[in-house]
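This report refers to the structure that appears directly beneath it.
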Amino acid sequence: MSDECRLDEAAPEDLRVAVRERYDAIARDPGIDANFPVGRKHALALGYPAEVLAPIPKGVVDCFAGPAAPVLSAEIRAGERVLDLGCGAGMDASIAAAATGITGTVVGVDASVEMVKTGRRRLGEGSVQVSMTAGHGAHLPFRDGAFDVVVANGLLNLESDREGVVREIARVLEVGGRLVGAEVILVEEVDRSAFTVSDWFR
């Protein structure tokens, strides 16, 4: 499917493919013009402290494209089970893993196979213990109540099945668990017929 296809004519699966291909491309080359900010400079501008980023492999930070820094306010505690949904190459998951320590678990899920490959390769070079898998937020391969915390940094704005994702988050969270997230939202109506699929990423 072409990025020049009109947004109002695109099927949900077309949008999933477009999102996956865009983030696959970033994973292969974080320096491309992604149509949105990516990397260390972006993370610092959002409030991630330099000392928090320092232990994380450069190749992971270079791929970061979240819209905010919700993991910093998640109050993750030692021993907790954390799911980073839409994890990219795993920058937020790495921060969560530092907070959970060796008694906790952190799992990252992302639709981009290339992002997951990058995260596994780069994080495998260090001491951070994060399990990463490719998957879709509306069909999570985890049991009910598997996590104490779900972190979602800019996931739903890229998702065509938002209700399905929210249902799955509610299912995999333990009773009393918490969702900590950040989103890009529209503050006014737009004419979808005036936009192409590439505008989905603006």
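Read-outs: derived from the displayed coordinates by stated rules, not from any lab. In this text, all values refer to a predicted model and were calculated from it rather than measured experimentally. Every residue, glycine among them, receives a Cβ derived from its backbone with ideal geometry; neighbour counts consider all protein chains shown.
Once you charge only the Cβ atoms, +1 for Lys and Arg and -1 for Asp and Glu, what is the size of the charge dipole of the chain about its Cα centre, to the nearest 20 debye?
With only Lys, Arg, Asp and Glu charged at Cβ, the dipole is about 820 debye.
First check a/c for the stretch 21-176, with a ≥ b ≥ c the square roots of the eigenvalues of its C-alpha gyration tensor; if it is under 1.5, answer rounded, and if not, answer prolate when a/b is larger than b/c or oblate otherwise.
oblate
The stretch 86-164 to the stretch 8-52: how many Å between their Cα centroids?
15
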